[in-house]
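The values are calculated or read from the model by the stated rules, or taken from the named source; none is laboratory data. Worth saying up front: this structure is predicted, and the values here are computed from it rather than measured. Glycine gets a Cβ as well: all are built from the backbone with ideal geometry, and neighbour counts include every protein chain shown. These accessible areas exclude ligands, DNA and RNA; they are computed on the full protein's heavy atoms, side chains included. Shrake-Rupley method; radii C 1.70, N 1.55, O 1.52, S 1.80 Å.
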Amino acid sequence: MNEKIKLTLPVVVEGKYDKIKLDSIFDATVIVTGGFSVFNNKEKQQLLRRLCGGGVIILTDSDGGGKQIRSFLQGIIPKDKIHNLYIPKTPGKERRKVHQSKEGLLGVEGIEKDTLIKIFSPFISGEKAEKPSKMITKVDFFQDKLTGFENSSERRAKLSALANLPCDLTANALLEALNLLYGYEGYKALVEKLDV
């Protein structure tokens, strides 16, 4: 049996099947929101606040429901404790389901193991990868016409696709994800491909 990959930051996911998937790969504390039920579950909210003392990873599905849950969690957990990770928007249906989701996308449970390991790579071995000395900033986004121009949202969507991230992230969420996953040099390499 393969040894599990250690994460020391807890991970928040939507459902029990997402937890089962992560538990099969990672040695980590995985907390389930129970979907939208977390909106009214004060005990669960309290638990989430308590568990995020040293930081917490949020990984929800890339559909509308996942975005709503992520947004709610960002309202109850201190912003400086949250590390947002995203799964790529992948068309398909989980094996256990009869029908695909409303938006026709795979959830966390349907994402391949290798993809999940890559997504979590900055947090493997319990240590967050050191932030590179040069960070991507909002100024970079403006200079690269990703904000402030007529076609900026289209350019951000293209960049997101190149980075294998959901194409409807806000500019701030995209900035955070790119800094975490690609760093400045990786970002610049992706931007070069935008104009090819």
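Here are some notes:
- Note on the range 134-164: among residues that are farther than 16 Å from Glu192 by Cβ, part of a loop (DSSP other than H, G, I, E, B) and of a type outside the set (Phe, Trp, Tyr), the one that is least open to solvent (accessible area, probe 1.4 Å) is Thr147.
- Residue tally, condition open to solvent by 30 Å² or more (accessible area, probe 1.4 Å) and touching a residue at least 24 places away in the same chain (Cβ under 8 Å), over the range 10-19: 1
- Among residues of the range 20-36, those that are in a helix (DSSP H, G or I) and open to solvent by 60 Å² or more (accessible area, probe 1.4 Å), counted: 3
- Qualifying residue in the range 165-182 (condition: in contact (Cβ under 8 Å) with a residue 40 or more places away in the chain, over 26 Å from Thr115 (Cα atoms) and in a helix (DSSP H, G or I)): no
- Some residue of the range 50-65 being outside any loop (DSSP other than H, G, I, E, B), out of contact with any strand residue (DSSP E or B) (no Cβ under 8 Å at 6 or more places or on another chain), touching a residue at least 40 places away in the same chain (Cβ under 8 Å) and open to solvent by 30 Å² or more (accessible area, probe 1.4 Å): no
- Screening Glu43, Glu3 for residues that are out of contact with any strand residue (DSSP E or B) (no Cβ under 6 Å at 6 or more places or on another chain), without any contact (Cβ under 8 Å) to a residue 12 or more places away in the chain, part of a loop (DSSP other than H, G, I, E, B) and open to solvent by 50 Å² or more (accessible area, probe 1.4 Å) leaves exactly one candidate, Glu3.
- Considering the conditions (1) surrounded by fewer than 12 Cβ atoms within 10 Å (Cβ to Cβ); (2) touching a strand residue (DSSP E or B) at 6+ places or on another chain (Cβ under 9 Å); (3) of a type in the set (A, V, I, L, M, F, W, C), Val196 is excluded by exactly one of them, (2).
- Among the criteria (1) open to solvent by 90 Å² or more (accessible area, probe 1.4 Å); (2) closer than 22 Å to Ala28 by Cβ; (3) at pLDDT 90 or above, the one Lys131 does not fulfil is (3).
- The range 93-112, residues that are open to solvent by 20 Å² or more (accessible area, probe 1.4 Å) and modelled with pLDDT under 90: Lys93, Arg95, Arg96, Lys97, Val98, His99, Gln100, Ser101, Lys102, Glu103, Leu105, Leu106
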